[in-house]
1. Which FRET efficiency value, to the nearest 0.05, is calculated for GLU6 and THR229 with the Förster distance at 35 angstrom and r the Cβ-Cβ distance?
2. Take the chain, connect every pair of alpha-carbon atoms lying under 10 Å apart with a spring to form a Gaussian network, then pick out the residue of PRO181, PRO95, PRO123 with the largest mean-square fluctuation.
3. Rounded to whole Hz and in sequence order, give me ³J(HN,Hα) for the stretch 196-210 from the Karplus expression 6.51 cos²θ - 1.76 cosθ + 1.60, θ = phi - 60°, writing x for Gly and Pro.
4. Can you give the accessible area of TYR30 in Å² (nearest 10), computed on protein heavy atoms with a 1.4 Å probe?
5. Ordered by residue, what ³J(HN,Hα) values in Hz, to whole numbers, does the stretch 107-112 give under the Karplus form 6.51 cos²θ - 1.76 cosθ + 1.60, where θ = phi - 60° and Gly and Pro are x?
6. Rounded to whole Hz and in sequence order, give me ³J(HN,Hα) for the stretch 69-81 from the Karplus expression 6.51 cos²θ - 1.76 cosθ + 1.60, θ = phi - 60°, writing x for Gly and Pro.
7. Just want to confirm a number: the relative contact order over the stretch 127-245, from Cα pairs under 8 angstrom separated by 6+ residues, in percent.
8. Would you indicate which of (i) 18.3, 60; (ii) 19.5, 68; (iii) 32.9, 106 is the value of Rg and Dmax of the Cα atoms in Å derived from the coordinates of this structure?
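The values are calculated or read from the model by the stated rules, or taken from the named source; none is laboratory data. Since the structure is predicted, the reported quantities are computational estimates derived from the model, not experimental observations. Every residue, glycine among them, receives a Cβ derived from its backbone with ideal geometry; neighbour counts consider all protein chains shown. In case anyone asks, the SASA skips ligands and DNA or RNA and just uses the protein heavy atoms, side chains included. Shrake-Rupley method; radii C 1.70, N 1.55, O 1.52, S 1.80 Å.
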Amino acid sequence: MQEADEIIRVRDEMGVKVMVGYMRRYAPAYLQLVEEVKKLDKINYVRVRDIIGGNHLFINQSSNVYRFDDIQEHDKQERAERAHRLVEDAIGDAPADLRSAYRLLCGLGSHDLSAMREVIGLPKRVVSARQWNNGRFMSAILEYDGFHVTYETGIDNIRRFDACIEVYGSDKSLKVQYNTPYMRHLPTTLQVNETIGEAYHETVVRPTFKDAYTCQFEYFYDVVMKGLTLKTTPEDAKEDLKLFRKLIEAMKESNE
């Protein structure tokens, strides 16, 4: 949290714009999901899922990556100690598996939960949360007015990327499906399932092949040059940090 506050302080002192890189929130299919959810008369249930294979499983087959190993050992050690201090500042004295879970939330989980907040807002409370496999897998139940959300995430060695947000209404469900960001131009899609009259309809909307990173930077250009309002600000990202802490607190309670 203190790093976010420092970023905000320097931003304001320098009079510049700062965007948090939540590229999933700029994908056209996701933006369409946000608008379609507003039209639902009721939300019964929401599912947020992100079960993926490790990044190297995609990168090694699609890119030539140079991985240098000339970092000095004392620099590696200093980096590890700094990371440990930051996690301790965020969640207090915690065992290694909870520290690992927190770092997973700050990485992969930040994209899921930030996008979830834009669609349905912040939860009233964390009903329960669990982690296992040394903090590399976790699940949680989040309470909202009139419905609950299940959140599940984890990283394994299967070469697939299963990341989605699915909102269930009374007669329509909406699902935004993401693919790995490490292969360019894989489309993000919106899946609409609904009952119309006597018929059941399934529709897949693919707005564009334009990469979500490209959409993000085009938006940021418009923020800087045209005065567009920035949505993924450091202040917005602090709401994710608050939610991460609540999830870890629920995990601590489950271990007692």
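1. Working from the Cβ atoms, E equals 0.90.
2. The residue with the greatest mean-square fluctuation here is PRO95.
3. With the stated coefficients, the stretch 196-210 comes to 10, x, 8, 10, 9, 10, 10, 10, 10, 9, 10, x, 6, 8, 4 Hz.
4. 0
5. Listing the rounded values in order: x, 4, x, 4, 5, 5 Hz.
6. Result, rounded to whole Hz: 10, 8, 7, 5, 4, 5, 6, 4, 5, 5, 5, 5, 5.
7. Worked out over the stretch 127-245, it gives 11 percent.
8. Looking at Rg and Dmax of the Cα atoms in Å for this model, the match is (ii).
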